[in-house]
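Okay, here's the structure, questions in a sec.
The values are calculated or read from the model by the stated rules, or taken from the named source; none is laboratory data. Because the structure is a prediction, the values reported are computed rather than measured. Here Cβ is always computed from backbone atoms with ideal geometry, including for glycine, and neighbour counts include all displayed protein chains.
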Amino acid sequence: MNISKFVAPEIIFGRGSLSQLGESVIRIGASKVFLVSDAGVIKAGWVDQAVHYLHAAGLETEIFSSLTTNPKDCEVTEGARRYRESGCDGIVAVGGGSPTDVAKAIAILATNGGVLQDYEGINRISHPLPPMVIAPSTAGAGSEVSQFAIIVDTARKLKMSIISKSLVPDIAIVDPELVQTMDSKLAAATGIDAFTHGVESYVSLAATPLTDIHALKAINLASRNLRQAVSNRHDMEANTNMSMASLTAGLAFSNAILGATHAMTHQVDGLIDQHHGETNAAILPFVMEYNLSACPEKFRDIAEAMGENITGLSVMAAAERAVVAVRQLISDIGLAKGLGNLGLAAEFIPLLSENALKDACLVTNPRAASREDIEGIFRKCM
């Protein structure tokens, strides 16, 4: 008997849905909110809007924004200290993957204690977390619906993957209006992150019919809307479709996990502090090539979801069209750079490969990979 599990928060989707923030927080039982965000989101005015909705509902707020693009363990430690001292009883994140992951990690330390490294891996959280509401301001991370938190270990210079159903927020508010203040470069990087989530969750060893529906929808939406979303930041149809792509990809990877691309990008991002989406763009096509032989039928499906004409092609030829289409998409949105161009020195490849073998995302990659295999992929990505 095959049994599938699928976890997801309550989801509120649509333009203007941020207005539901105050009511949502009241429903999860909080009275004083620890609001996690970053400088860019504050500058864009979304934090002011969020605070307005929270105060209108009679809620107190404490703002924490001392975090960076690739959030670090020391930032989480400071946030947890601030949370405990503030007397807050609920957490809200308004922002991209960084504020969202920091909010989740703060929730862990605030109620479970210890250090963040104690929770690296799968299902190591033992005590309930504070109630959480997440409102993403980018269309990429999907963290607002996932059971992941990804945080940089500053001592080891790598990204830790913390995976637990406890990290699924109570409510996700996905308002496409928020993503329109991203610039084109950020729209490209976050969009390819969502696309990568779709691809990796679809071919994952833990994929199920429940996750496949969301993964293919994310691939389809991103491949058909990302170019327009990057070229015209005011196109709200493209922005809305990319918000949905990010959301559906998040639902897919939260339940199916990911693969070698993310196992590798986590190491690179922790070392050179590069934007996660740009690193994904450099690595994804080469991991797809590596994985083709393990599940060509699935890559054929990906090509079809991207709108490729695969009529009359063999399964493997159609699967290879998926890699070609992904390379073209990455080029069209301006992210076709190798890891060397992003600042990675080849001397670090052996260390990064060793660390990638320990990443939880590698477990569900459709094709087993040795250290030598990972090193070979890294060198192709340079």
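Looking at the stretch 270-282, I want the residues that are in the same structural domain as GLU354 (by TED's automatic domain parsing) and farther than 19 Å from SER353 by Cβ and have a partner that is in a helix (DSSP H, G or I) and of a type in the set (Asp, Glu) with Cβ atoms under 6 Å, at least 6 apart or on another chain. Which pairs are those?
GLY277/ASP193
Also, I was wondering about something else. Would you mind stating whether LEU292 is hydrophobic (A, V, I, L, M, F, W, C), assigned by TED's automatic domain parsing to the domain that holds ARG233 and under 16 Å from VAL268 (Cα atoms)?
The answer is no for LEU292.
Can you tell me which residue within the stretch 220-253, out of those that are among the charged types (D, E, K, R) and outside any helix (DSSP H, G or I), is nearest to the chain's Cα centre (by Cα)?
ARG233
Next up: For the stretch 201-219, which residues satisfy the criterion of being over 16 Å from the mean Cα position of the chain (by Cα), of a type in the set (Gly, Ala, Ser) and more than 12 Å from VAL363 (Cα to Cα)?
Once the filter is applied, which keeps residues that are over 16 Å from the mean Cα position of the chain (by Cα), of a type in the set (Gly, Ala, Ser) and more than 12 Å from VAL363 (Cα to Cα), the stretch 201-219 yields only ALA207.
Which is modelled with pLDDT under 95 and either out of contact with any strand residue (DSSP E or B) (no Cβ under 7 Å at 6 or more places or on another chain) or of a type outside the set (D, E, K, R) (or both), of HIS214, HIS276?
HIS276
Going by what's in this entry, would ILE219 be described as closer than 29 Å to ILE91 by Cβ and either modelled with pLDDT of 95 or more or charged (D, E, K, R) (or both)?
no
Pick out the one residue from ALA172, ALA135, ALA103, ALA93 that is in a helix (DSSP H, G or I), crowded, with 24+ Cβ neighbours inside 10 Å and at pLDDT 95 or above.
The conditions single out ALA103.
Name the residue that is surrounded by the most Cβ atoms within 10 Å (Cβ to Cβ), counting only residues in the stretch 160-169 that are small (Gly, Ala, Ser) and without any contact (Cβ under 8 Å) to a residue 60 or more places away in the chain.
So the residue we want is SER166.
A quick yes/no check of all residues on (1) at pLDDT 95 or above; (2) in contact with a strand residue (DSSP E or B) (Cβ under 7 Å, 6 or more places away or on another chain):
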residue: LEU247; (1), (2): yes, yes
residue: HIS262; (1), (2): yes, no
residue: GLN267; (1), (2): no, yes
residue: ILE272; (1), (2): no, no
residue: ALA282; (1), (2): yes, no
residue: ILE302; (1), (2): yes, no
residue: GLY312; (1), (2): yes, no
residue: VAL315; (1), (2): yes, no
residue: ARG321; (1), (2): yes, no
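Turning to a different aspect of this structure: Of the numbered conditions (1) of a type in the set (S, T, N, Q); (2) free of Cβ contacts under 8 Å to residues at least 60 places away in the same chain; (3) within 19 Å of SER254 (Cα to Cα), SER98 fails exactly one; give the number of that condition.
(2)
Now, a different point. Within the stretch 197-215, count every residue that is more than 14 Å from GLU304 (Cβ to Cβ), crowded, with 18+ Cβ neighbours inside 10 Å and not aliphatic (A, V, I, L, M).
The qualifying residues number 6.
In the stretch 253-260, is there at least one residue being of a type in the set (Gly, Ala, Ser), within 18 Å of GLN147 (Cα to Cα) and in contact with a strand residue (DSSP E or B) (Cβ under 9 Å, 6 or more places away or on another chain)?
Checking the stretch 253-260: at least one residue is of a type in the set (Gly, Ala, Ser), within 18 Å of GLN147 (Cα to Cα) and in contact with a strand residue (DSSP E or B) (Cβ under 9 Å, 6 or more places away or on another chain).
While we're here: Hey, can you tell me all the residues within the stretch 219-239 that are closer than 27 Å to VAL203 by Cβ and touching a residue at least 12 places away in the same chain (Cβ under 8 Å)?
If the condition is that a residue be closer than 27 Å to VAL203 by Cβ and touching a residue at least 12 places away in the same chain (Cβ under 8 Å), then ILE219, ASN220, LEU221, ALA222, SER223, ARG224, ASN225, LEU226, ARG227, ALA229, VAL230, ALA238 are the ones that fit.
Of all residues in the stretch 179-210, how many are farther than 14 Å from ALA260 by Cα, among the hydrophobic types (A, V, I, L, M, F, W, C) and not in a helix (DSSP H, G or I)?
Total meeting the criteria: 2.
Out of the residues in the stretch 359-382 meeting the condition of being within 28 Å of TYR119 (Cα to Cα) and loosely packed, with under 14 Cβ neighbours inside 10 Å, tell me which one is nearest to the chain's Cα centre (by Cα).
Only one residue tops the list, namely ALA368.
Let me ask something else. Here's a check for you: in the stretch 138-159, which residue that is of a type in the set (Val, Ile, Thr) and part of a strand (DSSP E or B) is surrounded by the fewest Cβ atoms within 10 Å (Cβ to Cβ)?
My answer is VAL152.
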